[in-house]
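Taking it in order: structure first as structure tokens, then the write-up.
The values are calculated or read from the model by the stated rules, or taken from the named source; none is laboratory data. Computed from a prediction, not measured in an experiment: that's the story for all the values here. Note that each Cβ is placed from the backbone with ideal geometry, even for glycine, and that neighbours are counted across all protein chains shown. Only protein heavy atoms, including side chains, enter the accessible area calculation; ligands, DNA and RNA are left aside. Shrake-Rupley method; radii C 1.70, N 1.55, O 1.52, S 1.80 Å.
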Amino acid sequence: QVQLVESGGGLVQAGGSLRLSCAASGRTLSSYAMGWFRQAPGKSREFVASITVSGSLTYYADSVKGRFTISRDNAKNTVYLQMNSLKPEDTAVYYCAAEYAIPTIDANKYDYWGQGTQVTVSS
């Protein structure tokens, strides 16, 4: 079992930045590809970014490409999402997830999920 806990969410003005963290316990994350997803009110959960086990490859949704950066520190068992140039449409609950395989944009393929952290971007 892997337990994931997100932190770093909050309220920020448009154009601002936030850094989300996802800390794991139970097992080392060094065997898992990781992803970030988000869910806005009334919308389905959507892919944001993912990263391979080694951290050498990253993938992004078009809506966040160039603004968000996913990274990981396997020694600290933590994954990060640096979010810059935030927009009101980025407002959502952000979730991290772990997958014992190649990272994918399909949420159904992920094995473990955190409880989420709220990000609110005001205009």
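Taking into account only those residues within segment 104-123 that are among the small types (Gly, Ala, Ser) and modelled with pLDDT of 95 or more, which is surrounded by the fewest Cβ atoms within 10 Å (Cβ to Cβ)? Spell out the reasoning first.
Taking segment 104-123 first, the residues among the small types (Gly, Ala, Ser) are 107, 114, 116, 122-123.
If we keep only those that are modelled with pLDDT of 95 or more too, we end up with 114, 116, 122.
Numbers: Gly114: 23, Gly116: 18, Ser122: 11.
Taking the candidates together, the pick is Ser122.
Do we have any residue at all in segment 6-26 that's under 16 Å from Val119 (Cα atoms), open to solvent by 50 Å² or more (accessible area, probe 1.4 Å) and hydrophobic (A, V, I, L, M, F, W, C)?
At the first step, the residues of segment 6-26 found to be under 16 Å from Val119 (Cα atoms) are 6-22.
Within this subset, residues satisfying the condition of being open to solvent by 50 Å² or more (accessible area, probe 1.4 Å) are 7, 11, 13-15, 17, 19.
Imposing the further condition that a residue be hydrophobic (A, V, I, L, M, F, W, C) reduces the set to 11, 14.
Checked against the condition, which is being under 16 Å from Val119 (Cα atoms), open to solvent by 50 Å² or more (accessible area, probe 1.4 Å) and hydrophobic (A, V, I, L, M, F, W, C), segment 6-26 yields at least one hit.
A single entry from Asp73, Asp90 fulfils the requirement of being over 18 Å from Gln1 (Cα atoms) and in contact with a Phe, Trp or Tyr (Cβ under 8 Å, 6 or more places away or on another chain): Asp73.
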